[in-house]
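A.B. asks: Here it is: the structure, laid out below.
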Amino acid sequence: MISARFVNPHTDFGFKYLFGREETKKFLISFLNEILKGERQITELEFMDKERVPRSYDDRTILYDILCRSDSGEEFIVEMQRKDEGNFKDRCIYYESSLIATQGERGRDWSFSLVPVYIIVLMEFNITKEEKLLRRDIGLMDMKTNELFSDKFRMIFINLNAMDKLEVECNDNFERWIYILKNMDRLKEIPYKEVSDMWADFEVVADVGSMDRDERRVYESSLNSYRVLLSAFNKTAEEGRAEGMAQGMAQGLAEGRAEGLAKGRAEGLAEGFAEGRKQEAFKIAQKMRLMGLDNKAILEVTDLTEEDLKALN
C-alpha cells in the first residue's frame, strides 16, 4: 500500500521514473548541471541503452540505472545505491572503465580519442571510514602536485545521509535537490516553488496520483520489494547485534580474566558481533531464497559473499 504522496526515489522504479524518462529529462539535466556547476553545462541529453552487452562470452553484462550522453559528447552513469554491497568502489571503477572501453573503434584511423565519462552515485551510506561528507569528487590526479591528469574519468559520490540542513537552510539548487531526494517520502509538498517553476513541475510528476494504472502497479511492486529488503536488512543488523553482544560479552569476560578485562571485552565484543551477524545473515538468506528472491537481492541485503551463498546450496 502506498502511503506517501510522492514517489520514493530510493526504489529502483521510482528513481528511473523521476529521472530516466524523456518526460522527466529536464529534471535530470537540472540535477546534473547543479552537480557539474563550474565544470560543464548540459543543454540536452540522449538516453542510451542501459544494458551493455559483454564484448566476449565470459564478460559480465552490466545494467545501469540511467545511462545518457550529453549534446557535447560526455557520457553519464547515474545510480541510486541504498547500501554497500561489497567491493563498491571497485565495482564503480569497473562500470566506468567498461563504458570507456566501448568507445574504442575498429580501423586504423582511430587515435584513442576518448570522451569524458562520469559516474554519479547517490548513496545512503558513507563510502569511506573517514569523515562523513556530503560529496566526494574523484578524478585522475597527479599524486604529488594534485594537478588534474585527465578529465576523461570522473566519479562523484553523494551521501544523502550527510545532508543535515533544514529546508530553509538550503541556499542553492544542488542543496535543494539533495534535501528533496533525501526527504521525499516524508514531504507533503515539494518546497521551493517560489524559487523556480521547475519545482512546481517536479511536484506534479513526482506525485503518485499522476501515475497511470500500469505505472502505479509496477511502482507498488518495486516499493514492496524495497520495504522487504530494508526490513530484512534491519532485522539482520538488530538480531546480529544482539547475538554478537551476548557472545562477545561472554567471550570478552573469559579472555579478560587472562589478558585484562578491558582488552578482552573489546575484542570479544567485536568478534562476537561479527560472528553473530554472519550466522543471522545465513538465516535471512535462506528465508529470502524461500521467498523466491534472487542472489543479487540476497547479496544486497545480507553482505554475504558469492562463496557464502554457494555454501547454502
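The values are calculated or read from the model by the stated rules, or taken from the named source; none is laboratory data. This structure is a prediction, so every number in the text was calculated from the model and none was measured. When we count neighbours, we look across all protein chains shown, and the Cβ atoms used for this are built from the backbone with ideal geometry, even at glycine. Please note that ligands, DNA and RNA were not included when accessible areas were found on the heavy atoms of the full protein model with its side chains. Shrake-Rupley method; radii C 1.70, N 1.55, O 1.52, S 1.80 Å.
A.B. asks: Have a look at 151, 201, 142, 185 and point out the one that is farther than 15 Å from residue 30 by Cβ, open to solvent by 30 Å² or more (accessible area, probe 1.4 Å) and modelled with pLDDT of 95 or more.
C.D. replies: When all the criteria are applied, what remains is 142.
A.B. asks: Tally time: how many residues in the range 1-44 are β-branched (Val, Ile, Thr) and not in a helix (DSSP H, G or I)?
C.D. replies: 5
A.B. asks: Every residue in the range 73-92 that is in a loop (DSSP other than H, G, I, E, B) and closer than 26 Å to residue 222 by Cβ, please.
C.D. replies: 82, 83, 84, 85, 86, 87
A.B. asks: Still on this model: Which members of the range 105-139 meet the condition of being touching a residue at least 24 places away in the same chain (Cβ under 8 Å) and assigned to a strand (DSSP E or B)?
C.D. replies: Once the filter is applied, which keeps residues that are touching a residue at least 24 places away in the same chain (Cβ under 8 Å) and assigned to a strand (DSSP E or B), the range 105-139 yields 117, 118, 119, 120, 121, 122, 123, 135.
A.B. asks: Among the listed residues 130, 85, identify the single one that is surrounded by 12 or more Cβ atoms within 10 Å (Cβ to Cβ), of a type outside the set (Ser, Thr, Tyr) and modelled with pLDDT under 90.
C.D. replies: 85
A.B. asks: If you check every pair at least six apart or on different chains, which have Cβ atoms under 7 Å apart with a residue in the range 20-33 that is farther than 18 Å from residue 158 by Cα first and a residue that is among the aliphatic types (A, V, I, L, M) and open to solvent by 20 Å² or more (accessible area, probe 1.4 Å) second?
C.D. replies: 24/205
A.B. asks: Would you call residue 160 under 17 Å from the mean Cα position of the chain (by Cα), open to solvent by less than 50 Å² (accessible area, probe 1.4 Å), of a type outside the set (S, T, N, Q) and at pLDDT below 90?
C.D. replies: Judged against the criteria, residue 160 is not a match.
A.B. asks: Restricting the range 45-55 to residues that are part of a loop (DSSP other than H, G, I, E, B) and surrounded by 12 or more Cβ atoms within 10 Å (Cβ to Cβ), which is modelled with the highest pLDDT?
C.D. replies: Only one residue tops the list, namely 48.
A.B. asks: Under 7 Å between Cβ atoms, which residue pairs at least 6 apart in sequence (or on different chains) link something in the range 214-228 that is closer than 16 Å to residue 294 by Cβ with a partner that is among the small types (Gly, Ala, Ser)?
C.D. replies: 222/14
A.B. asks: Still on this structure, I have one more. Answer with yes or no whether residue 195 is over 30 Å from residue 285 (Cα atoms), in contact (Cβ under 8 Å) with a residue 12 or more places away in the chain and either open to solvent by 70 Å² or more (accessible area, probe 1.4 Å) or in a loop (DSSP other than H, G, I, E, B) (or both).
C.D. replies: It is true that residue 195 is over 30 Å from residue 285 (Cα atoms), in contact (Cβ under 8 Å) with a residue 12 or more places away in the chain and either open to solvent by 70 Å² or more (accessible area, probe 1.4 Å) or in a loop (DSSP other than H, G, I, E, B) (or both).
A.B. asks: Within the range 183-194, is even one residue more than 23 Å from the chain's Cα centre (by Cα) and of a type in the set (Lys, Arg)?
C.D. replies: Yes: the range 183-194 contains one or more residues that are more than 23 Å from the chain's Cα centre (by Cα) and of a type in the set (Lys, Arg).
A.B. asks: Contact list please: Cβ distance under 6 Å, first residue in the range 70-95 and of a type in the set (Gly, Ala, Ser), second residue open to solvent by 20 Å² or more (accessible area, probe 1.4 Å), pairs at least six apart or on different chains.
C.D. replies: Pairs that qualify, where the first residue is of a type in the set (Gly, Ala, Ser) and the partner is open to solvent by 20 Å² or more (accessible area, probe 1.4 Å), are 73/115.
A.B. asks: Among (1) assigned to a loop (DSSP other than H, G, I, E, B); (2) at pLDDT below 95; (3) surrounded by 16 or more Cβ atoms within 10 Å (Cβ to Cβ), there is one condition residue 95 misses while meeting the rest; what is its number?
C.D. replies: Only one criterion is unmet by residue 95, namely (1).
A.B. asks: Go through the range 164-173 and give me each residue that's in contact (Cβ under 8 Å) with a residue 24 or more places away in the chain and crowded, with 18+ Cβ neighbours inside 10 Å.
C.D. replies: Listed by number, the list holds a single entry, 173.
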